[in-house]
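All remarks here apply to the structure that follows.
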Amino acid sequence: MVNKKECCGCTACLHVCPAKCIVMQEAEEGFLYPIIDKEKCIQCHRCETVCPVRHTDNLNTKTETYVGYSRDEEIRKQSSSGGIFSVIAEWILQQRGVVFGAAFDENFEVHHIAIETKKELVKLRGSKYVQSRLENVYPEVKQYLEKKRKVLFTGTACQIAGLKKYLNKEYENLYTVDVLCHGVPSPKLWRMYLEEIKKRNHTSIEKVEFRNKENGWKNFLVNIELSNMEKYCVHYFEDKYMRMFLENIDLRQSCYECHCKGLPRISDMTIGDSWGIEKYMPDMDDDKGTSVILVHSPNGASMFEVIRKKLVVREAILDEVLPPTADSRRSVEMHPNRKKYLEGVKRGESIDLLYGYLQKTFIQKVVSLMRCILIRINPKYKE
């Protein structure tokens, strides 16, 4: 039985199994986990040795820190942050390369896909706050690499760690970029949330934006456009799905003890929102979106030098840009009512009822406050 505290769902074990005795199966909370057919298993243990959590690869030894955004105002407007991903992806595509990233399907579930044209880039642009299904992506990446094509793989740090373990060798034509990650929410909760919106409005969904910038980058909106020309558009902190995500009640269990949030990382580059930039570098903040750019490897450095001319960019201090207490550098605290929430999910409770589990008792609030104080005093603090 897989230890849910360890498994990040990367699928590396699925694809290295010579006996083809592993399948990814959705658990009751909505996340995929590997299930082994013991009758077919040949006890080769390759699934264990390829696990990026149990066997961490050597990380890069140095991180260079920048903040910046695309000079192309249209790219920046369409992006969740500063448009750095789009600039990198366009460079790869210009060289007949392939870009892998998270995209919505026709039901607005999230899967990793490959694109080969600039026209398709819109599918990968923008945040998707749902764990992306990787399916057969790792073998696809390997096929393109073996054909000597440049490949850009973007995803969470654990997805990149899984890819590197699966490939089991370095490829000069592989570029990896991870996104700063709070944690990954449940695809099942996302499906439930969308179904309730459709039923409430008696219509289907045409478009989803987790990060609409009509109110600016910092006060972004969750925007869902419906077939009847109506739309659901609210500040992110007023949206129940986003609140459950940000208050850590619906994350994958391994996210609470993440092995991939340290620095430097196994990826070539890390990108994400430069929250707080108005305090430490106000002249780089116009509320249109500014990104953190962390360069970890020689491949990352060469990639950054090529795209740099297309950016407004500035060197920065790591601990200012990304304090050690930031949830993208350390595991988030599990919500004390997560167990009750999971029981509610299994019972098929409504989003309103599940949202109610966010309410903490007075004692729970005091305990959470004390943990926050201890973390600020000592960022390495962990119970």
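The values are calculated or read from the model by the stated rules, or taken from the named source; none is laboratory data. Because the structure is predicted, anything quoted here is derived from the model rather than measured. Don't worry about glycine lacking a Cβ; one is built from the backbone with ideal geometry, like all the others, and counts go over all protein chains shown.
Worth a mention:
- Among the criteria (1) surrounded by fewer than 21 Cβ atoms within 10 Å (Cβ to Cβ); (2) at pLDDT 95 or above; (3) part of a helix (DSSP H, G or I), the one G162 does not fulfil is (1).
- Being surrounded by fewer than 16 Cβ atoms within 10 Å (Cβ to Cβ), under 24 Å from T154 (Cβ atoms) and either under 18 Å from the mean Cα position of the chain (by Cα) or not aromatic (F, W, Y) (or both) holds for only one residue in G262, G216, and it is G262.
- Conditions (1) surrounded by fewer than 17 Cβ atoms within 10 Å (Cβ to Cβ); (2) touching a residue at least 24 places away in the same chain (Cβ under 8 Å); (3) assigned by TED's automatic domain parsing to the domain that holds L163; number of the one not met by E74: (2)
- Condition check for R200: outside the structural domain of V292 (by TED's automatic domain parsing) and at pLDDT 95 or above: no
- V321 passes every criterion in (1) hydrophobic (A, V, I, L, M, F, W, C); (2) under 18 Å from I84 (Cβ atoms); (3) exposed (fewer than 15 other Cβ atoms within 10 Å of the Cβ); (4) modelled with pLDDT under 95 apart from (3).
- Which listed residue, of L221, L246, L189, is within 19 Å of the chain's Cα centre (by Cα) and either farther than 30 Å from I75 by Cβ or of a type in the set (K, R) (or both): L189
- Residue check, Y280 among the hydroxyl-bearing types (S, T, Y), more than 17 Å from R329 (Cα to Cα) and not assigned by TED's automatic domain parsing to the domain that holds N107: no
- Taking the criterion of being at positive phi and in contact (Cβ under 8 Å) with a residue 60 or more places away in the chain, the only residue of segment 12-33 that qualifies is G30.
- Residue match in segment 142-150 (condition: in contact with a Ser or Thr (Cβ under 6 Å, 6 or more places away or on another chain), crowded, with 20+ Cβ neighbours inside 10 Å and touching a residue at least 40 places away in the same chain (Cβ under 8 Å)): no
- Yes/no for K40 being of a type in the set (D, E, K, R), at pLDDT 95 or above, at negative phi and not assigned by TED's automatic domain parsing to the domain that holds S297: yes
- Positions within segment 151-166 being in contact (Cβ under 8 Å) with a residue 60 or more places away in the chain and touching a helix residue (DSSP H, G or I) at 6+ places or on another chain (Cβ under 8 Å), in sequence order: L152, T154, C158, G162, L163, K165, Y166
- Test result for S79, of a type in the set (S, T, N, Q), buried (at least 22 other Cβ atoms within 10 Å of the Cβ) and more than 20 Å from the chain's Cα centre (by Cα): no
- Screening K207, K169, K213 for residues that are in contact with a helix residue (DSSP H, G or I) (Cβ under 8 Å, 6 or more places away or on another chain) and of a type in the set (K, R) leaves exactly one candidate, K213.
- Each residue in segment 288-306 was checked for being over 19 Å from N60 (Cβ atoms) and surrounded by 21 or more Cβ atoms within 10 Å (Cβ to Cβ), and 3 pass.
- Here segment 35-71 is the region considered, the condition is being over 30 Å from G300 (Cβ atoms) and among the aliphatic types (A, V, I, L, M), and the residue that is surrounded by the fewest Cβ atoms within 10 Å (Cβ to Cβ) is I42.
- Helices (runs of 4 or more DSSP H) enclosed by segment 223-329 - at least 3 residues per element that are over 26 Å from P187 (Cβ atoms) and without any contact (Cβ under 8 Å) to a residue 24 or more places away in the chain: 298-307
- Condition met for V292 (among the hydrophobic types (A, V, I, L, M, F, W, C) and either in contact with a Pro (Cβ under 8 Å, 6 or more places away or on another chain) or over 17 Å from Y129 (Cβ atoms) (or both)): yes
- Residues in segment 330-356 that are assigned to a loop (DSSP other than H, G, I, E, B), modelled with pLDDT of 90 or more and closer than 28 Å to C260 by Cα: S331, V332, E333, M334, H335, P336, N337.
- Residue within segment 86-102 that is among the hydroxyl-bearing types (S, T, Y), in contact with a Phe, Trp or Tyr (Cβ under 8 Å, 6 or more places away or on another chain), in the same structural domain as D283 (by TED's automatic domain parsing) and crowded, with 18+ Cβ neighbours inside 10 Å present: no
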